[in-house]
1. Can you tell me which residue among 155, 167 is of a type in the set (D, E, K, R) and at pLDDT below 90?
2. Condition first: out of contact with any Gly (no Cβ under 6 Å at 6 or more places or on another chain) and either aliphatic (A, V, I, L, M) or in the same structural domain as residue 137 (by TED's automatic domain parsing) (or both). Now tell me which residues in the range 55-77 satisfy that.
3. The conditions are (1) out of contact with any Lys or Arg (no Cβ under 9 Å at 6 or more places or on another chain); (2) closer than 26 Å to residue 30 by Cβ; (3) in a helix (DSSP H, G or I); (4) outside the structural domain of residue 25 (by TED's automatic domain parsing), and residue 141 fails exactly one of them. Which is it?
4. Hey, can you tell me all the residues within the range 82-123 that are among the basic types (Lys, Arg), surrounded by fewer than 18 Cβ atoms within 10 Å (Cβ to Cβ) and either in a strand (DSSP E or B) or free of Cβ contacts under 8 Å to residues at least 12 places away in the same chain (or both)?
5. Can you spot a residue in the range 124-138 that is loosely packed, with under 12 Cβ neighbours inside 10 Å and on the phi > 0 side of the Ramachandran plot?
6. Residues to consider are 30, 34, 25; find the one that is within 14 Å of the chain's Cα centre (by Cα) and of a type in the set (Val, Ile, Thr).
7. Scan the range 27-35 and tell me whether some residue there is surrounded by fewer than 18 Cβ atoms within 10 Å (Cβ to Cβ), touching a helix residue (DSSP H, G or I) at 6+ places or on another chain (Cβ under 7 Å) and not basic (Lys, Arg).
8. Being buried (at least 16 other Cβ atoms within 10 Å of the Cβ) and assigned to a helix (DSSP H, G or I), is that true of even one residue in the range 154-161?
Amino acid sequence: MAERENRRGRREDREETPEFADRLVAINRVSKTVKGGKRFGFAALVVVGDQRGRVGFGKGKAKEVPEAIRKATEQAKRNMFRVALRESRTLHHDMEGRHGAGRVVMRSAPEGTGIIAGGPMRAVFEMLGIKDVVAKSLGSQNPYNMIRATLDGLRKESSPRQVAARRGKKVADILPKRDEAPQESSQIAEEA
């Protein structure tokens with residue numbers, strides 16, 4: 001990545017790598033009553049991802065909607081992290097995420113299931129690039145808490161490769177043997 005310095009001496013990273021997709025999840029208008037009337041401001045919640053396993057979220061506040069969205073998108077790009085996906089379409093295992101009163105349950109699903117999830121969670125899965133997942137939000141319906149709970153659960157996910165490295169074993173030792181299951185079923189059929 002090319003870096004350059006601006007006038008204030010801060011480094012700026014230019015995005016040369018993949019373009020990111022972003023999804024506006026929520027926009028909230030807030031008003032402040034002052035002597036002359038009311039002043040309106042806007043808060044935006046945005047989820048950004050490369051649809052290949054990286055996702056992040058951000059929030060921005062400004063007097064105008066486009067500026068709030070721009071700030072939220074920039075923050076989301078800075079807060080991106082990678083999630084290990086199975087076959088680039090679903091999760092490796094079932095998991096639960098929590099944040100405050102928000103609780104989210106996510107389950108891996110067979111091919112063709114699609115994204116079965118509500119509102120803010122759906123945005124996270126689409127930006128992440130997941131095609132098959134079943135998710136349920138329990139508790140808080142606040143979009144901020146739902147997204148944070150979803151990302152908390154996704155951060156807990158570990159692929160077989162990560163588990164093998166942690167245990168000092170090979171991936172083949174951790175994954176169930178695929179050849180054994182069909183043999184057992186054929187032996188049961190022969191006995192009957």
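1. Among 155, 167, only 167 is of a type in the set (D, E, K, R) and at pLDDT below 90.
2. Correct list: 62, 65, 69.
3. (3)
4. Passing the criteria: 82, 86, 98, 107.
5. No, the range 124-138 contains no residue that is loosely packed, with under 12 Cβ neighbours inside 10 Å and on the phi > 0 side of the Ramachandran plot.
6. 25
7. yes
8. Yes, that holds for at least one residue.
The values are calculated or read from the model by the stated rules, or taken from the named source; none is laboratory data. In this text, all values refer to a predicted model and were calculated from it rather than measured experimentally. Note that we place each Cβ from the backbone using ideal geometry, even for glycine, and neighbour counts take in every protein chain shown.
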